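The block underneath contains the structure these notes are about, expressed in structure tokens.
What follows draws every value from the coordinates through simple rules; no lab data is involved. Just so you know, these numbers come straight off a predicted model, no measurement behind them. When we count neighbours, we look across all protein chains shown, and the Cβ atoms used for this are built from the backbone with ideal geometry, even at glycine.
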Amino acid sequence: MSQENEEVRLNIRVPKPNEVKSQSELDREESELRVQAEKLRMKRELMEIEKLEYDLSKIKQEAAREKVTHDQVEAVLSDTRADTENLQSACNHQKGGASEDFRSGAVVMGNDATNYALIDHTFSSGVRFRMCQRCGKTWFPKDFDYRWAMSRPTKNSRSIAAGGPALVRNRGPVEKGGPRMESEIPHRSQPKPDFDVSTVPSQAPEGY
């Protein structure tokens with residue numbers, strides 16, 4: 001293949017022996033090279049910008065999905081907490097009642113006012129609490145109706161933590177390892193004052 005054909009195929013021009021380019025030709029070639037280099041630089045920067053925009057879009061999409069998931073979880077927890085609060089507020093915490101009345105999620109009223117369905121337990125921290133076996137409601141010393149719950153008659157046996165109540169060293173909040181002094185689910189309605197408050201001890205460890 002001749003040199004001329006090779007130059008056409010490769011789209012280049014090979015200088016001939018003893019051929020000297022003029023200054024204007026050299027300047028023109030240099031200018032063309034600079035233009036090509038600038039075009040390549042701009043193309044690279046555009047590609048980098050497109051990649052950054054794509055990455056940012058992915059991050060925004062992921063953040064949006066996480067927010068939706070978080071909001072959904074919070075909504076479910078809020079609904080569950082509200083349902084639990086409604087159930088606990090409606091329950092009369094008494095034993096008795098017809099077995100056919102027991103349905104999942106339904107409020108079942110007991111009919112034995114002389115025997116409440118209450119667990120009575122003292123933790124190793126010295127805190128004594130009660131819990132309804134039907135609705136799961138709890139009463140701790142700082143609940144406003146704690147003394148009402150402690151005065152309810154029950155045939156359930158009282159239990160105490162193994163080894164008996166110990167000295168309360170951590171008097172901080174529950175979040176920092178301290179003993180629970182108030183129920184997690186807030187108590188909504190005040191029980192009727194059908195008892196003498198002065199006859200029921202607070203059952204809170206000394207210092208609270």
With r defined as the distance between the Cβ atoms of Leu77 and His121 and R0 fixed at 41 Å, what FRET efficiency is calculated, to the nearest 0.05? 0.95
Ala64 versus Arg180, label points 7 Å from Cα toward the beta carbon: distance in nm? 4.0
Env charge @ His93, Cβ radius under 12 Å, K,R +1 / D,E -1, value +3
How about Lys58: which lysines have a C-alpha closer than 22 Å to its C-alpha, ignoring those fewer than 8 places off in the same chain? Lys67
